[in-house]
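The values are calculated or read from the model by the stated rules, or taken from the named source; none is laboratory data. Not measured: the values here are computed from a predicted model. When we count neighbours, we look across all protein chains shown, and the Cβ atoms used for this are built from the backbone with ideal geometry, even at glycine.
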Amino acid sequence: MKTILVTGASSGFGAATVQRYASEGWRVIAWARRMDRLTDWKSSLSTTQQALTWIQEVDVRDPKAVTSAIASLPAEFSDVDLLINNAGLAAGKDPVHTANLDDWERMIDTNLKGLLYVTRAISPKMVARKTGHIINIGSIAGKESYPEGNAYNATKYAVDGLTRSMRMDLVHHNIRVSQICPGMVETEFSEVRFHGDQQKAASVYAHMEPLQAEDIADLIWYMSQAPAHVNIADVLILPTSQASATIVARQS
Ligand code: NDP
Ligand code: 8X3
């Protein structure tokens, strides 16, 4: 039986992914800060699935919390086969000369430093076992910049660069390192980006059909099920109506 660890499992891609892998009979470790959501999700599972699920309150910005969460895993959950570095956010969408410094700190600390801390903590055991797969959630924002994307763009470009470098380090240890770069997916992402402004968040997906979190979970499943000699290294996944970070066909 295989074990997946998903960061940011309380919402969006992460929530859809833990649900998918629980249904497929995997052991699932789900991390997030909002423990109430993880508890509710676990309660919704069958008794058999619950026994295969381990939920933990972890803020990925805190390296000590990350290492102690891993140290406290029960033996049967401690060999992670698949790590999904998903926890992340955009905070604000403002020109570089007026953007909020706290927003920048949150994005850099979560999207970049958090991903590094989790990888640093999980990868040694994969190296020792000579097996494993790490999928980083990047973004189209890490492939092309857009106006007012500034620090969010920078963190996702960093994930792109980091994914390539991680692959170079871990290729010698039979570990697959992959990246998924989604375009527009309707989750809580835009609500978080616009600091709870639901109207503004809804307008992002107006008159077009965005991807759903389950589309990303499907892709993760497909990538993880590829034969062991195949690494689907980098995938840009877009809604059919999106051509680039800024070109979207909207129905009027
Ligand atoms: P959601 O806001 O729905 O989910 C984000 C998840 O990240 C939540 O579970 C949240 O949990 C978790 N998270 C945020 N900060 C932290 C933290 N400090 N420590 C631990 N967990 C944290 O957004 P998405 O599902 O859309 O986003 C997931 C990833 O996908 C992000 O990296 C995002 O940048 C990326 N992405 C999203 C796209 C989109 O259009 N939706 C497109 C491209 C990439 P909690 O608050 O409970 O800690
Ligand atoms: C999220 C997609 O286009 O808002 O990463 O940057 S976008």
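A few points about this structure:
- The set of residues in the range 22-54 being assigned to a helix (DSSP H, G or I), touching a Ser or Thr at 6+ places or on another chain (Cβ under 9 Å) and over 24 Å from residue 68 (Cβ atoms) consists of 22, 49.
- Of the helices (runs of 4 or more DSSP H) that lie entirely inside the range 181-252, those containing 1 or more residues that are farther than 19 Å from residue 92 by Cβ and touching a residue at least 40 places away in the same chain (Cβ under 8 Å) span 213-224.
To keep it simple, each residue is scored yes or no on (1) charged (D, E, K, R); (2) under 20 Å from residue 106 (Cβ atoms).
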{"position": "11", "(1), (2)": "no, yes"}
{"position": "19", "(1), (2)": "no, no"}
{"position": "22", "(1), (2)": "no, no"}
{"position": "35", "(1), (2)": "no, yes"}
{"position": "41", "(1), (2)": "no, no"}
{"position": "52", "(1), (2)": "no, no"}
{"position": "58", "(1), (2)": "no, yes"}
{"position": "62", "(1), (2)": "yes, yes"}
{"position": "67", "(1), (2)": "no, no"}
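- Residue 32 vs. criteria under 20 Å from residue 219 (Cα atoms), within 13 Å of ligand 1 (Cβ to nearest atom) and either among the aliphatic types (A, V, I, L, M) or free of Cβ contacts under 8 Å to residues at least 24 places away in the same chain (or both): no
- Residue in the range 165-175 that is of a type in the set (A, V, I, L, M, F, W, C), closer than 18 Å to residue 7 by Cβ and within 13 Å of the chain's Cα centre (by Cα) present: no
- Filter result for residue 167 (surrounded by fewer than 20 Cβ atoms within 10 Å (Cβ to Cβ), at pLDDT 95 or above, more than 9 Å from ligand 2 (Cβ to nearest atom) and within 17 Å of residue 232 (Cβ to Cβ)): yes
- When residues of the range 66-90 are limited to those that are within 16 Å of ligand 2 (Cβ to nearest atom) and surrounded by 20 or more Cβ atoms within 10 Å (Cβ to Cβ), the one nearest to residue 213 (Cα to Cα): 86
- Selection status of residue 114, small (Gly, Ala, Ser) and either near ligand 1 (Cβ under 9 Å from one of its atoms) or without any contact (Cβ under 8 Å) to a residue 60 or more places away in the chain (or both): yes
- One residue from 79, 94 being modelled with pLDDT of 95 or more, among the charged types (D, E, K, R) and under 23 Å from residue 140 (Cα atoms): 94
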